[in-house]
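Taking it in order: structure first as structure tokens, then the write-up.
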Amino acid sequence: MKLVRSYLEWARGERQFSPWALLVPLACVSQSFARSRNFAFDHGLVASYEPPIPVISVGNITLGGTNKTPFVEMLSRHFYNMGVRVGIVSRGYGGRTSEPVVIKGTSSEREIVGDEPLLLASRLPHVPVAVSRDRLKDVEALQKHNVELIVADDAFQHRRLGRDVDIVLVDACCPFGNGRLVPAGILREPPKAIQRAHIVVITKADQVSEDDLRSLRQKLLQYIPADRLFTSRLELRCWSLWDGSWQDMEDFTVKSLPVVAFSAIGSPESFRRTLDQAGLRVLREQRFKDHHRFDLRDMERLAALKEELGARYLVCTEKDVYNLPKEPLISPLLVPIISTVIDEEDRFWSIVAEKLRPRLVVASNGYGEDAMGALLAQKVKKRFPCAYVTSFPIVGKGEQYENAGISVDSVPSESPSGGVIKYHISDLLKDLKSGLVRHIFSQLKAWKKLRGEVRTPLCVGDVYLLLHTLWGQGQLPVLVATAKTVYLSGHWRLERFLLKHRCRRVWTRDSETAKELVRSHADAVFAGNPIMDLTCDNNSGYFQWPKEKGARVLLLPGSRQRAYDDMKMLLDAVEILNKKTSCVFVAVIAPSLDIEQLVAAAPGWRLADDGRGIVKNGLRVLFYLGPLVSVATDAHILIGLGGTANQVCAGLGVPVVSIREKGKLVQKKLLGDSEILVSPDPQVLADTAFVILSDSELRQSMGEEGKKRLGGPGALDNVVEYVAREYGWDLRCRVYQKISRIINQGDDIHGSYSTNS
């Protein structure tokens with residue numbers, strides 16, 4: 001006991017010099033391990049698992065003594081009184097079970113589940129407590145008990161378990177010990193780890209001086225903002241007598257009562273202060289190591305000490321009761337029933353409720369992907385009205401998200417290629433010159449800010465976006481894959497590996513690609529082409545083409561910076577084609593393009609008086625700024641230099657004429673005979689378009705091929721339903737709405753506190 005006491009005095013910072021200082025080098029090893037582990041979880045190298053039930057974690061960064069168990073009990077009681085079916089998961093220190101054991105009341109043995117779960121189950125007989133070494137299995141076990149919310153005891157370091165709210169407790173009496181990590185101190189990880197917490201609570205705030213409390217506040221404010229910091233205190237609710245069963249001691253006076261105290265808890269000093277504040281006269285105090293399992297000899301010695309000193313009672317903590325031997329007690333024990341009281345309670349519960357609000361981010365990496373991402377975000381918002389939905393477009397300014405009413409959290413970009421290098425090395429050089437490297441780091445920094453604030457990312461794009469997500473967020477994302485397909489190049493071995501191990505599920509754009517990924521053991525499904533979802537969710541109505549007779553020719557300069565150079569080529573082709581046959585021309589202008597700059601790129605053309613297009617020598621090209629599908633449905637042909645837009649038109653049955661270059665050659669493998677590629681020459685573009693317009697059978701066969709190649713819609717709706725089912729978003733919304741309503745109404749959520757409640 002003396003050896004243990006001397007170690008604790010050193011670790012808690014109560015002794016400046018000790019032979020235990022020889023452990024300091026091992027603390028450096030612990031610190032390196034903790035930092036490496038946190039880095040791995042933060043960046044997705046080791047992924048967390050998001051259960052389909054909201055989870056609140058209560059933990060600390062030190063070894064015991066922060067009153068986690070009373071705090072877990074307080075939270076669970078409050079949720080139960082709100083009408084929420086709450087469950088508790090616990091490691092069960094000292095227990096021997098490896099498989100989950102769910103207990104209610106005190107039906108289980110301490111040797112199996114440990115002391116703290118028994119205490120919680122006793123306090124909360126209607127709340128199931130799951131105990132095992134694997135908290136993920138505990139969550140699965142509680143799902144069978146139809147719980148709606150889980151409170152995880154001591155789970156701050158258990159990062160495999162995803163959580164909606166992270167609450168960290170800091171002991172006001174001994175916040176960081178000697179400042180060293182185990183085994184040289186009591187820290188489990190560096191104080192900086194507190195930054196991960198959504199809420200930090202200073203416990204036992206009433207047991208230290210105002211100066212000490214103020215000093216501790218200042219230290220914690222280095223890591224968290226002031227609005228996330230709270231204080232709590234322990235409140236003595238009543239006294240009980242334990243002699244094999246609980247007996248409430250109503251109207252019991254303890255002032256000046258002579259007692260012998262003993263405890264086996266992480267912070268015996270706090271227990272002693274509680275006794276002193278209650279007015280007990282403590283004749284002697286015996287301290288044992290935390291979770292000490294008392295035997296008959298221990299109790300005989302304590303009983304003898306009581307008789308020797310003339311004490312009326314032996315007094316211990318409620319937790320110690322569950323570590324007593326099975327033999328009948330020689331002397332009944334006096335037990336204080338303690339509960340946690342949070343200061344600024346209304347503000348605390350408001351923050352808890354807000355953090356329980358479902359939060360999701362949709363990320364994308366291109367103009368076409370942004371369109372699909374914005375539509376997906378809208379579907380999520382409609383399906384879960386209470387959810388907070390944000391977006392993270394990697395490329396461009398996110399206009400499509402903003403137009404859809406979705407907030408944008410990324411850093412706007414203006415790169416010559418559009419941000420993703422697909423075409424020429426010259427594009428890469430232009431991007432580098434315009435600050436590509438700086439933008440990448442800015443995006444990573446912006447993505448980092450979302451860490452811990454949103455749940456599983458929904459990604460629209462290719463595997464490169466997946467890599468970005470993994471680096472910045474840490475959760476296994478859901479991927480709507482729009483770039484890779486077996487009709488193009490398929491997936492590289494590394495890509496298949498990442499999709500298998502670092503992605504929750506992948507929605508592919510065709511069935512054959514899904515089959516390819518399934519063979520690689522990735523969770524991949526085909527539920528319709530996400531690109532074609534853009535064709536059936538148009539709220540803007542259909543575009544009314546001009547009534548002039550002639551072929552309806554759709555022009556698409558693209559959405560990237562090179563569109564300004566390509567616009568001249570398209571307009572030159574327009575002039576040539578118009579001489580061959582009567583045509584009506586409409587150019588779809590992406591929000592990322594500047595119209596004045598487009599006009600300036602085409603010599604001889606000027607902006608029309610009504611501002612709706614450009615004119616030259618009586619020839620008119622109408623500008624359309626709305627959704628592509630609105631205008632493409634009734635088009636006869638597309639002369640397009642875009643990516644996703646070309647595919648949408650092909651899927652709608654519109655023949656496509658484009659230029660032969662690296663990116664389009666790859667796309668040609670997907671579109672097949674629905675697209676004709678020619679040299680980047682206005683004359684050739686016009687001639688090819690004329691041939692298609694003149695041959696109705698050719699135009700029809702190209703349209704049918706496009707519909708066959710692209711397939712139908714449905715993927716995005718399937719993604720939303722998957723999120724609702726597998727991530728429990730229906731449940732999360734119900735819980736959030738229920739808790740928010742009760743808190744806003746100011747209803748009483750305390751309930752009674754007794755040992756047999």
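The values are calculated or read from the model by the stated rules, or taken from the named source; none is laboratory data. The model shown is predicted, which means the values in this text are computed figures rather than measured ones. Glycine also receives a Cβ, built like all others from the backbone with ideal geometry; neighbour counts cover every protein chain displayed.
Miscellaneous remarks
- Counting the residues of the stretch 220-263 that are closer than 23 Å to P328 by Cβ, buried (at least 19 other Cβ atoms within 10 Å of the Cβ) and not β-branched (V, I, T) gives 6.
- Matching residues, the stretch 347-378, being farther than 25 Å from L149 by Cα, surrounded by fewer than 24 Cβ atoms within 10 Å (Cβ to Cβ) and either of a type in the set (D, E, K, R) or touching a Leu at 6+ places or on another chain (Cβ under 9 Å) (or both): L375
- Subset tally (residues that are in contact with a Gly (Cβ under 9 Å, 6 or more places away or on another chain) and charged (D, E, K, R)) for the stretch 504-519: 3
- Among the residues of the stretch 230-253, none qualifies, meaning not one is touching a Lys or Arg at 6+ places or on another chain (Cβ under 7 Å), among the aromatic types (F, W, Y) and farther than 17 Å from V58 by Cβ.
- Where a residue in the stretch 688-700 is farther than 18 Å from G550 by Cβ and its partner, wherever it lies, is surrounded by fewer than 15 Cβ atoms within 10 Å (Cβ to Cβ) and not basic (K, R), with Cβ under 9 Å and at least six apart: L698/V691
Matching residues to (1) modelled with pLDDT of 90 or more; (2) small (G, A, S); (3) under 30 Å from G366 (Cβ atoms):
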residue: K580; (1), (2), (3): yes, no, no
residue: V584; (1), (2), (3): yes, no, yes
residue: A590; (1), (2), (3): no, yes, yes
residue: Q597; (1), (2), (3): no, no, yes
residue: N617; (1), (2), (3): no, no, no
residue: F623; (1), (2), (3): yes, no, yes
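- Strands (runs of 3 or more DSSP E) wholly inside the stretch 119-178 that include at least 1 residues being touching a helix residue (DSSP H, G or I) at 6+ places or on another chain (Cβ under 7 Å), hydrophobic (A, V, I, L, M, F, W, C) and without any contact (Cβ under 8 Å) to a residue 60 or more places away in the chain: 129-131
- Residues of the stretch 708-725 that are buried (at least 19 other Cβ atoms within 10 Å of the Cβ) and among the basic types (K, R): R709 alone.
- Taken together, P412, P385 contain a single residue that is at pLDDT below 85 and of a type outside the set (A, V, I, L, M, F, W, C), which is P412.
- Meets criteria (under 30 Å from F384 (Cβ atoms) and part of a loop (DSSP other than H, G, I, E, B)) for P713: yes
- Residue within the stretch 81-93 that is surrounded by fewer than 18 Cβ atoms within 10 Å (Cβ to Cβ), at negative phi and part of a helix (DSSP H, G or I) present: yes
- Of E575, E596, all but one fail to be without any contact (Cβ under 8 Å) to a residue 12 or more places away in the chain and at negative phi; the exception is E596.
- Looking only at residues of the stretch 439-460 that are outside any strand (DSSP E or B) and β-branched (V, I, T), we find that the one that is farthest from F41 (Cα to Cα) is I440.
- V58 modelled with pLDDT under 95, touching a strand residue (DSSP E or B) at 6+ places or on another chain (Cβ under 9 Å), crowded, with 22+ Cβ neighbours inside 10 Å and in a strand (DSSP E or B): no
- Residue in the stretch 194-210 that is acidic (D, E) and touching a Ser or Thr at 6+ places or on another chain (Cβ under 8 Å) present: no
- Flag for R77 being assigned by TED's automatic domain parsing to the domain that holds Q157, without any contact (Cβ under 8 Å) to a residue 12 or more places away in the chain and surrounded by 15 or more Cβ atoms within 10 Å (Cβ to Cβ): no
- Selection from the stretch 633-666 of residues that are at pLDDT 90 or above, in contact with a strand residue (DSSP E or B) (Cβ under 6 Å, 6 or more places away or on another chain) and not polar (S, T, N, Q): A635, H636, I637, L638, I639, C649, A650, V654, P655, V656, V657
- A single entry from L229, L296, L241 fulfils the requirement of being hydrophobic (A, V, I, L, M, F, W, C) and not assigned by TED's automatic domain parsing to the domain that holds V335: L229.
- Given (1) free of Cβ contacts under 8 Å to residues at least 60 places away in the same chain; (2) over 50 Å from the mean Cα position of the chain (by Cα), number of the condition P328 does not satisfy: (1)
- Among residues of the stretch 32-45 that are over 14 Å from E189 (Cα atoms), those with a beta-carbon under 7 Å from a residue that is in a helix (DSSP H, G or I) and of a type in the set (A, V, I, L, M) at least six positions away or on a different chain give the pairs H43/L470; G44/L470.
- Residue within the stretch 213-226 that is touching a Lys or Arg at 6+ places or on another chain (Cβ under 9 Å), among the aromatic types (F, W, Y) and assigned to a strand (DSSP E or B) present: no
- Test result for E705, charged (D, E, K, R), surrounded by 17 or more Cβ atoms within 10 Å (Cβ to Cβ), free of Cβ contacts under 8 Å to residues at least 60 places away in the same chain and out of contact with any strand residue (DSSP E or B) (no Cβ under 7 Å at 6 or more places or on another chain): yes
- Restricting L671, L693 to residues that are within 37 Å of the chain's Cα centre (by Cα), outside the structural domain of I425 (by TED's automatic domain parsing) and in a helix (DSSP H, G or I) narrows the list to L671.
- Single unsatisfied condition, D290 versus (1) within 40 Å of the chain's Cα centre (by Cα); (2) farther than 19 Å from D115 by Cα; (3) of a type outside the set (S, T, Y): (2)
- Qualifying positions in the stretch 1-22 - in a loop (DSSP other than H, G, I, E, B) and in contact (Cβ under 8 Å) with a residue 24 or more places away in the chain: M1, R12, G13
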